[in-house]
1. If you check A:Phe515 against the conditions, is it under 26 Å from A:Pro137 (Cβ atoms), open to solvent by 10 Å² or more (accessible area, probe 1.4 Å), in a helix (DSSP H, G or I) and within 15 Å of RNA strand B (Cβ to nearest atom)?
2. List, please: which pairs have Cβ atoms under 6 Å, are six or more places apart or on different chains, and start with a residue in the range A:158-176 that is over 19 Å from A:Arg437 (Cβ atoms) and open to solvent by 20 Å² or more (accessible area, probe 1.4 Å) and end with one that is part of a strand (DSSP E or B) and away from RNA strand B (no atom under 13 Å from the Cβ)?
3. May I ask you to list the residues in the range A:74-100 that are away from RNA strand B (no atom under 16 Å from the Cβ), in contact (Cβ under 8 Å) with a residue 24 or more places away in the chain and open to solvent by 30 Å² or more (accessible area, probe 1.4 Å)?
4. In contact with a helix residue (DSSP H, G or I) (Cβ under 7 Å, 6 or more places away or on another chain) and under 20 Å from A:Ser405 (Cα atoms) - does that describe any residue in the range A:354-368?
5. Which one of the conditions (1) closer than 26 Å to A:Gly232 by Cα; (2) part of a helix (DSSP H, G or I); (3) open to solvent by 50 Å² or more (accessible area, probe 1.4 Å) does A:Glu313 fail to meet, given that it meets all the rest?
6. Out of A:Gly661, A:Gly635, A:Gly665, report the one residue that is out of contact with any Phe, Trp or Tyr (no Cβ under 6 Å at 6 or more places or on another chain), assigned to a loop (DSSP other than H, G, I, E, B), open to solvent by less than 30 Å² (accessible area, probe 1.4 Å) and within 11 Å of RNA strand B (Cβ to nearest atom).
7. How many residues are without any contact (Cβ under 8 Å) to a residue 40 or more places away in the chain and either open to solvent by 60 Å² or more (accessible area, probe 1.4 Å) or touching a helix residue (DSSP H, G or I) at 6+ places or on another chain (Cβ under 6 Å) (or both) if we restrict to the range A:106-122?
8. If you check every pair at least six apart or on different chains, which have Cβ atoms under 9 Å apart with a residue in the range A:640-658 that is within 15 Å of A:Arg10 (Cβ to Cβ) and near RNA strand B (Cβ under 6 Å from one of its atoms) first and a residue that is hydrophobic (A, V, I, L, M, F, W, C) and open to solvent by 10 Å² or more (accessible area, probe 1.4 Å) second?
Amino acid sequence: MADLDERLERYDPRQIEPRWQAHWESLGLHTTDLSDASKPRYYLLTMWPYPSGDLHIGHWYVQTPTDAIARYKRAKGFNVFYPIGFDAFGLPAENAAIKRGTHPREWTTKNMENMRRQLRSMGASFDWSKEVVTCDPAYFHWNQWIFLKFYEKGVAYRKQAPVDWCPSCQVTLAREQVEGIDRVCWRCFTPVTKRDLTQWFFKITDYADELLSFEGLNWPEPIRAMQTNWIGRSEGAEVDFTVAKSAEHAGGEKLRVFTTRPDTLHGATFMVLAPEHQLVERITSPAQRESVAAYIEATKRKSEIDRLSTSREKSGVATGAFAINPVNGEEIPIWIADYVLAGYGTGAIMAVPAHDERDYEFAQRFGLPIRTVVAPAELAARPDEVPLPYVEKISGAAVAVNSGSWSGAAWPASFEQAISAVERAGAGERATTYRLRDWLISRQRYWGTPIPIIHCATCGPVGVPVEELPVMLPDEVDFKQTGESPLKSASAWLNVPCPKCGGPGQRESDTMDTFVDSSWYWYRYLSPNFGGGPVDRNLVDAWCPVDQYTGGAEHAVMHLLYSRFFTKALRDLGLIAESEPFTRLFNQGQILGSDGERMSKSRGNVEDPDALVTRHGADAVRLFLMFMGPWDQGGPWSGSGISGIVRFLGRVWTLALDPHGKERGDPNAGTLPHGEDQAAGELVIRRAAHKAIAGVEADIEAFRFNTAVAKLMEFANALFPYRGSSVAGGAAWSEAIDYLLAALSPMAPHLSEEMHSRLQAERGISIGDPRWRSIHQRDWPTVDATLLTESTRELPIQVNGKLRDKLTIAANATEAEIEALALASDKVKIALEGRPVKRVIHAGGRLVNIVG
RNA sequence: GCCGAAGUGGCGAAAUGGCAGACGCAACCGACUCAAAAUCGGUCGACUGAAAGGUCAUGUGGGUUCGACUCCCACCUUCGGUACCA
C-alpha cells in the first residue's frame, strides 16, 4: 500500500456536489407525496425569503440546519413536507424602481431566478414543485378573496389613521424612508410630518384574549413573553371627567379616561390629553390657542418611540380648560402632552403624579400639585412622609389615604370600592384595554396586492365581485407619483363602474401590507394551484398545523402574531379547523456582517455564499454555519474557522476511501494505539460509533447542531489512529464508517452520498442497479445501549467545593465504597488539614464533595 | 425609553446547580519533504513554580447553596423588536 497519497484522489466538492444535486432531482427524492399516509407526516416550514437580490450567508444560516432537520426526519421514518417560495411583494422592489427605473416585477423576477440557483447550490431538499410566489396572481387572488370575506364579516374596516408624510414629495414614508434623529425624508431631506388618511384595518383586537393563550404550543418563552407584552392587556376602569364651565367656554363635555388605578382617583391633580385628541380644539382657551397649535404641529414631527421615551424631558402645554373630577368635584387643569397617545386607551389620562413616574416628572416640570393617595401601611397615618413618586407593586401592603369613601382600604379592596363609587355616580365602569392596535393593512404603494374595493359616490366602498378576481396590477404606472398611491396614475385601471349600481366608481388605490401575504402562505404550499379557494381543506386537515417552524426572532410580534390571528380568522370563516398555525417554533439567531451590523447592500457588509461555495463546497459551508455556535445565537460573520471543517471533511474522505493507508509522517502508523489488542481496538471503535450516533441524535432533536458536528469530529478523531491498523476494514470498522456517514448525511448531504455510493460500488452496486440506494433513503442507525456504558469511570473528589483528586472507580461502586476511597486519598487528607469531616455529599454519582 | 435576548481563553465556542474551556480556528514545536504547501503527531486561560503543585479566572457588584457560567437582586455593554424593511 505504498504511496497511497498519490493514488487517493483528493476531496473536490465542486466535482461532487452539482452531480448529486442533479441526481436527487432526477430521482424526485424531495418531492413529497402529500397523499401518502403510510408514514407519519411532518410539516417543516422555514420563513420564506424576500427576494432582495442580496442573498447572503444569513439565508444559509437559516436554511441549512432546517434542511438537516428535514433529512434527519426522513431518516427517522417521517413523510416530510419541506416547501419553499418567495415573499415577493414589498418596498425594496419599489425603491429600486424609483432609483433605477426598472419595473418592480422585472427586478423581483431577476432576483428570484438568482436566488433559486443559490438555494439549489446549497443542496437543500426543498420540494420545489409546490413553490409559492406572492406576486403571482395565482397567490394574491386569494389575498383578495380573503379580504372580501373579512369585509363581509366586519373583520376588515376603514378608519382614519396618521402616516408619516413627506410634505415635499407628497408621499407616505415607511419607517426606513425616514432618516436620522431629525427625521427627514430619504429622498429630499425635508422634515417629515404626519397626515391622516382613511385606511383599511383588520380587527386583530377582536382576538386579543385568544392570542394571549399559548396552550398546546411549544414556543420559546421569550417570544411568548414579547407577544403577551405586545398585546398588553390591562384591567381597570374608564371614568368620565367633565369639562368645567369658564368665561369663554360653556363646558359639559365628557372627557373619558382609562386608568388601571381607579383607586388613585382622588390623587388626580391634572388631566393630560393626547395632542391629537378630538376635544382639544374645542376646549382650548383663546389665550392658549397659539401655543397649543404649535405643540400639535411639533408632535407630528415626533416618532412614537421618542414620544414614549421616559429619558427625555417631559413637554406639554396647558389648554387653559379645566375638568371636574367625578369623585370629589375638584376642578383640575387640562393639559396636552405627547407622552399620551391617541391610539391607546381613550387618548386621555387622569394624571396622578404621586403614584406614576411620568406624571410625577410632568408635575415637577410644570409646577403642578401632587397629592399622596396611597401609602405603605406603616405610613398610613402620616401620608406626608411617603417618598414620592410612590409606585408600589400591586399588593395588599399599601392602603388608600385621602381617598374619601375608600380611605384605609388595601388593594384589591381599594380598586373594587373605587370602581363601585364611579359606577354609582354614573361616571364610568370597569374596563379592559389592550396595547395591541388593529392591524393597519393599507399601503400607499404599487408593489403589493390590490385591495379589491371599488369606491362609489352612492354605494360607498363596494367589494369587487369574487368572479372578477383577481384584481390585477396595471403595468403602466408612474412610480414617482405624488399625492397618494402610485396606482392613482393608472387611470384606465382606476376608473371602473360600481359593481352595485353601475354608476361611476374608482378602484381602491392602496395595496395590502405584505404581512398579509405571509400570514397564510404555508396553507397555500399544500396546493399552490388549487382553484376552489385559498386552501384545499383536505390537505390542510391532513398536514396542519405545521409541526416545526424555523425563523428569526425579529418576527416575534408582527409576522408571528399576524399568522396566529389569520389562522383564527380563517377558522372563523370555516376554511380550516385549527386555531394555531405552528405547533413548535424555533428562533435562530441572526448572522450580522463582520462589522457587527445587519447585513445589507447599502452597508457593504454582505457575505456572498457563492464565493464560499466555489472555494470550499456547499457541505463545508453548511457544516461551518452549523458549527459556529448555538443556532439561536447568531452573531457577526467570520469565515476564519472554515478550514477546520474542510480538514474534517477531508478526514472523513480518507477514513472512508482509504482505511488501510498509513501516514508517512506518523511513526505509529499501522499499529494499534495504546498497546490494545485486536478485540480491544474493535470494542473502542464500536463504542465510539454508538456513542456518536446517540449523541448526534439527541443534539439534532434539540437543534444543537454545533455540538452535533463536534461529536462527529470527535468520532472521526477517535477512528483515525486505527487507520492502517489490523482493525481497519473489518466488521467493526465498516459499521463505524457506515454510522459516521449516516450521522453526517443530514448536515453534509453531498460528501456522505458520494462516500456511500462509492462503498456500494465496491460491493458491485453502482447507480442504476436496482439495489442502489441513496444515503438519504437510508434509515437512521440504531444504537446498542449496552455499548454506551463502561466498567470503570473517573470520579472527581472535591474538598469544600474545590477539586483535589480524581479516582478511578468501578461503575457499580456503592456510595460507602466511594466514600472510603475518597477519605483514604492523600490529596484529600492534605486539603482537610486535619479538620474532621462534617459532611460528604454524593452528587448523583458524578462527583463527591467532602465538607471539612 | 419600553419589551426580549446575549456577555466564558488571542478568536468561534462547550458545560441536566457538580472536574470551567469539549470541538474547532490562530499560534508554537515535531514528523514527512531537497524545500514549501498539504498531511500526520503534540503544546496551548492568566499568574507562580525546576517540577509536583498552588493561586486567580465565565461583563461589574452583591446574595442563595456543601458547591454557581448556570438560580436571585442591582448595574454596565452589545444585539433584535418597537406597529410602512421583511
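1. yes
2. A:Pro167/A:Thr193
3. Selection gives A:Arg74, A:Lys76, A:Phe78.
4. yes
5. (2)
6. A:Gly661
7. 3
8. Correct list of pairs: A:Arg651/A:Met713; A:Arg651/A:Phe720.
The values are calculated or read from the model by the stated rules, or taken from the named source; none is laboratory data. All values reported here derive from a predicted model rather than from experimental measurement. Cβ atoms come from the backbone with ideal geometry, glycine included; neighbour counts cover every protein chain shown. Accessible surface is based on the protein model in full, side chains and every heavy atom, while ligands, DNA and RNA are left aside. Shrake-Rupley method; radii C 1.70, N 1.55, O 1.52, S 1.80 Å.
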